[in-house]
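Trainee: Can you read through this structure? Questions will come right after.
The values are calculated or read from the model by the stated rules, or taken from the named source; none is laboratory data. All of these numbers come straight from a predicted model, not from anything done at the bench. So basically every Cβ, Gly included, is an ideal-geometry build from the backbone, and we count neighbours across all protein chains shown.
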Amino acid sequence: MEDKIRMMISEEEIAKRVGELAEQINEKYKGKEITLICILKGSIFFTADLARRLNGPVKMEYMRCSSYGDSTNSSGEVKVVIDVDCDIEGKDVIVVEDIVDTGRTLWHLMNMLKERKPQSLALAALLDKPERRVKEVAVDYVGFTIPDEFVVGYGLDFAQKHRELPYIGVVENE
Ligand code: IMP
């Protein structure tokens, strides 16, 4: 069966908001070198679009995590499957994530990265679903706060499908 997808956030709205976030970051970092950590796979489009709107020198790094938690296990461990290939000690780091849902993944990840002693550590998330939060995570740059609906597109998937959509939508199968 083909998935029916209802548009939630258009391509134009995403582009406008990513530009606004980049402006905030440019203002704050004022030409300092920024190390962006793109969390694979979901945040590739967001990271690519954001990086191209930043003024300062930008280093791109990639991480991939897998979560062993389930919906009933709030202490679910996070395993790093692909790690950055540089030392982030003394760097100004911004973690770029597609969506903060329960917050478990980023709670573990941000704590892990803090231990590596970056000069500064911030978090940019395109989407935030605060209703589902289990672990408190401070999100410094939020694209859109959305209701508790499962979204796809602009990098986000449903069983590895729909990442290529240029907009954010909700799968609405009967
Ligand atoms: P958390 O640890 O529960 O915050 O989950 C974060 C991860 O779950 C995200 O990086 C996504 O990969 C995935 N995720 C959570 N909500 C959605 C959604 O609505 N659509 C697609 N993936 C989601």
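Trainee: Run down Val78, Val58 and say which single residue is modelled with pLDDT of 95 or more and of a type in the set (Val, Ile, Thr). Spell out the reasoning first.
Mentor: Details: Val78 fails: modelled with pLDDT of 95 or more.
Among Val78, Val58, only Val58 is modelled with pLDDT of 95 or more and of a type in the set (Val, Ile, Thr).
Trainee: Also, quick follow-up: Output the qualifying pairs, or none if there are none: Cβ atoms under 9 angstrom, residues six or more apart or on different chains, first residue in segment 50-65 and surrounded by fewer than 17 Cβ atoms within 10 Å (Cβ to Cβ), second residue aromatic (Phe, Trp, Tyr) and not in a strand (DSSP E or B).
Mentor: Asn55/Tyr29; Gly56/Tyr29
Trainee: Take the conditions at pLDDT below 95, surrounded by 13 or more Cβ atoms within 10 Å (Cβ to Cβ), outside any helix (DSSP H, G or I) and touching an Asp or Glu at 6+ places or on another chain (Cβ under 7 Å) and apply them to Gly42. Does it pass?
Mentor: Taking the combined requirement at face value, the residue does not satisfy it.
Trainee: Let me ask you something else. Tell me which residues, restricted to segment 100-118, are surrounded by fewer than 16 Cβ atoms within 10 Å (Cβ to Cβ) and part of a helix (DSSP H, G or I).
Mentor: Of segment 100-118, the ones surrounded by fewer than 16 Cβ atoms within 10 Å (Cβ to Cβ) are 111-112, 114-117.
Matches in segment 100-118: Asn111, Met112, Lys114.
Trainee: Now a separate question. Regarding Ala48, is this residue modelled with pLDDT of 95 or more, in a strand (DSSP E or B) and more than 23 Å from Val171 (Cβ to Cβ)?
Mentor: no
Trainee: Which one of these does Phe46 not meet: (1) within 12 Å of the ligand (Cβ to nearest atom); (2) out of contact with any strand residue (DSSP E or B) (no Cβ under 8 Å at 6 or more places or on another chain)?
Mentor: Evaluating Phe46 over (1) within 12 Å of the ligand (Cβ to nearest atom); (2) out of contact with any strand residue (DSSP E or B) (no Cβ under 8 Å at 6 or more places or on another chain) leaves (2) as the failure.
Trainee: Let me ask something else about it. Could you tell me which of the residues Val171, Val95, Val100, Val151 is within 10 Å of the ligand (Cβ to nearest atom), touching a strand residue (DSSP E or B) at 6+ places or on another chain (Cβ under 8 Å) and closer than 30 Å to Gly31 by Cβ? Show your work before the answer.
Mentor: Details: Val171 fails: closer than 30 Å to Gly31 by Cβ; Val95 fails: within 10 Å of the ligand (Cβ to nearest atom); Val151 fails: closer than 30 Å to Gly31 by Cβ.
Answer to the check: Val100.
Trainee: I'd like to know if segment 68-90 contains one or more residues that are surrounded by 13 or more Cβ atoms within 10 Å (Cβ to Cβ), within 12 Å of the ligand (Cβ to nearest atom) and either outside any loop (DSSP other than H, G, I, E, B) or among the aromatic types (Phe, Trp, Tyr) (or both).
Mentor: Checked segment 68-90: at least one residue is surrounded by 13 or more Cβ atoms within 10 Å (Cβ to Cβ), within 12 Å of the ligand (Cβ to nearest atom) and either outside any loop (DSSP other than H, G, I, E, B) or among the aromatic types (Phe, Trp, Tyr) (or both).
Trainee: Let me ask another. In the set Leu106, Leu127, Leu156, Leu123, which member is near the ligand (Cβ under 9 Å from one of its atoms), closer than 14 Å to Ile37 by Cα and under 17 Å from the mean Cα position of the chain (by Cα)?
Mentor: Numbers: Leu127 fails: closer than 14 Å to Ile37 by Cα; Leu156 fails: closer than 14 Å to Ile37 by Cα; Leu123 fails: near the ligand (Cβ under 9 Å from one of its atoms).
Sole residue among the options that is near the ligand (Cβ under 9 Å from one of its atoms), closer than 14 Å to Ile37 by Cα and under 17 Å from the mean Cα position of the chain (by Cα): Leu106.
Trainee: Also: Just to verify a result, which residue in segment 119-150, among those that are outside any strand (DSSP E or B) and in contact (Cβ under 8 Å) with a residue 60 or more places away in the chain, is surrounded by the fewest Cβ atoms within 10 Å (Cβ to Cβ)? Can you show your working first?
Mentor: Here is the first cut: in segment 119-150, the residues outside any strand (DSSP E or B) are 119, 129-140, 146-150.
Subsequent filtering for residues that are in contact (Cβ under 8 Å) with a residue 60 or more places away in the chain retains 134-135, 146, 149.
Values: Val134: 16, Lys135: 18, Ile146: 18, Glu149: 13.
Among those residues, the one meeting the criterion is Glu149.
Trainee: Ok, one more. Any idea which of Glu89, Glu115, Glu97, Glu77 is of a type outside the set (A, V, I, L, M) and without any contact (Cβ under 8 Å) to a residue 12 or more places away in the chain?
Mentor: Working: Glu89 fails: without any contact (Cβ under 8 Å) to a residue 12 or more places away in the chain; Glu97 fails: without any contact (Cβ under 8 Å) to a residue 12 or more places away in the chain; Glu77 fails: without any contact (Cβ under 8 Å) to a residue 12 or more places away in the chain.
Result: Glu115 is the single residue among Glu89, Glu115, Glu97, Glu77 that is of a type outside the set (A, V, I, L, M) and without any contact (Cβ under 8 Å) to a residue 12 or more places away in the chain.
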